[in-house]
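The values are calculated or read from the model by the stated rules, or taken from the named source; none is laboratory data. Everything quoted here is computed from the prediction, not taken from an experiment. Positions of Cβ are backbone-derived with ideal geometry, glycine not excepted, and every protein chain shown enters the neighbour counts.
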Amino acid sequence: MRESGCGKSTFGRAVLRLEPLTEGSVIFKGEEIGMLSESKLKKYKRQMQMIFQDPYASLNPRQQIGDALEEAFIIHTSMSKKERKEKVSILLEEVGLKPEHYERYPHEFSGGQRQRIGIAKAIALNPSFIVCDEAVSDVSVQAQVIKLLKDLQEKHQLTYMFISHDLGLVRHISDRVLVMYLGNTAELAPADRIYENPLHPYTKALLFAIPRPIPGRKRKRVKLEGDLPNPANPPKGCPFHTRCPLATGQCKEEKPVWREVEENHFVACHEV
């Protein structure tokens, strides 16, 4: 996933029903939840959580961190105040913070610490699926947060939808990679296959921009030209044809079909 405006965050929010679906469906554990009412969706919400890009914006500056973390237990459990406080202390330690941080306010934490608080909020109810929306955008703490996410994934058997514009980071954490362009899916495959044998010209252009210090490896350059079109008024045909060096007359008139070109490798391109 790459450029701003391609629909990454909207896609993640729509999966969690934080944005309305305009078409398509959301299947969670074999159940269609895309069109469920709020009352019927409630039983799934504690299983599906989100780590937001800006942890400070997702916290109430006038609320102590402990109270913010307790909210999930107040809404979804019948725990007593004492039980909630004990659970919050365990959560804080699990994400690398201290129980005494309970009574502090968001402005008293560093950016990396606030990100840990956001992670604690997401795992509080023992979900099975978490959307990580640019959850490691702070480069100074990137390695620490990635390690924490991977440790929690192994401990709690979590599934992540990891949204990022940093394809080098995506490779480090992902099993499968979906590349999007202008609100459309361009390519989906196991991570190793995407990075070693990309098929869509947009994917190739993105990967060419990543430094690869591997001696002797040559890559054919696919250069992007022009600006990203307006997502509200996308071009006719293939959404990528205005910037694609391989575009033909068919690409300008006909939108490519999303298809499986080899096992578990999907692409939307006339030229593949």
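Selection over the range 145-185 of residues that are under 20 Å from N264 (Cβ atoms), among the polar types (S, T, N, Q) and not in a loop (DSSP other than H, G, I, E, B) gives a count of 3. Against the numbered list (1) crowded, with 19+ Cβ neighbours inside 10 Å; (2) within 30 Å of K147 (Cα to Cα); (3) modelled with pLDDT of 85 or more, L167 comes up short only at (3). Of the candidates A124, A120, A135, the single residue that is crowded, with 20+ Cβ neighbours inside 10 Å and under 18 Å from G12 (Cβ atoms) is A135. Listed by first and then second residue, the pairs with beta-carbon distance under 6 Å, at least 6 apart or on different chains, first residue in the range 214-236 and of a type outside the set (S, T, N, Q), second at pLDDT below 75, are L228/E3; L228/G5; P231/G5. Q49: in contact (Cβ under 8 Å) with a residue 12 or more places away in the chain and within 22 Å of the chain's Cα centre (by Cα), yes or no? Here the answer is yes, as Q49 does meet what is asked. Here M180 fits the description: buried (at least 19 other Cβ atoms within 10 Å of the Cβ) and more than 22 Å from P61 (Cα to Cα).
Any residue at all in the range 257-272 that is at pLDDT below 95 and among the small types (G, A, S)? No, every residue in the range 257-272 fails to be at pLDDT below 95 and among the small types (G, A, S). Look at G96 and say whether it is closer than 18 Å to Q115 by Cα and assigned to a loop (DSSP other than H, G, I, E, B). Yes: the conditions hold for G96.
In the range 54-81, the residue that is farthest from G112 (Cα to Cα) out of those that are surrounded by 18 or more Cβ atoms within 10 Å (Cβ to Cβ) and of a type outside the set (G, A, S) is F73.
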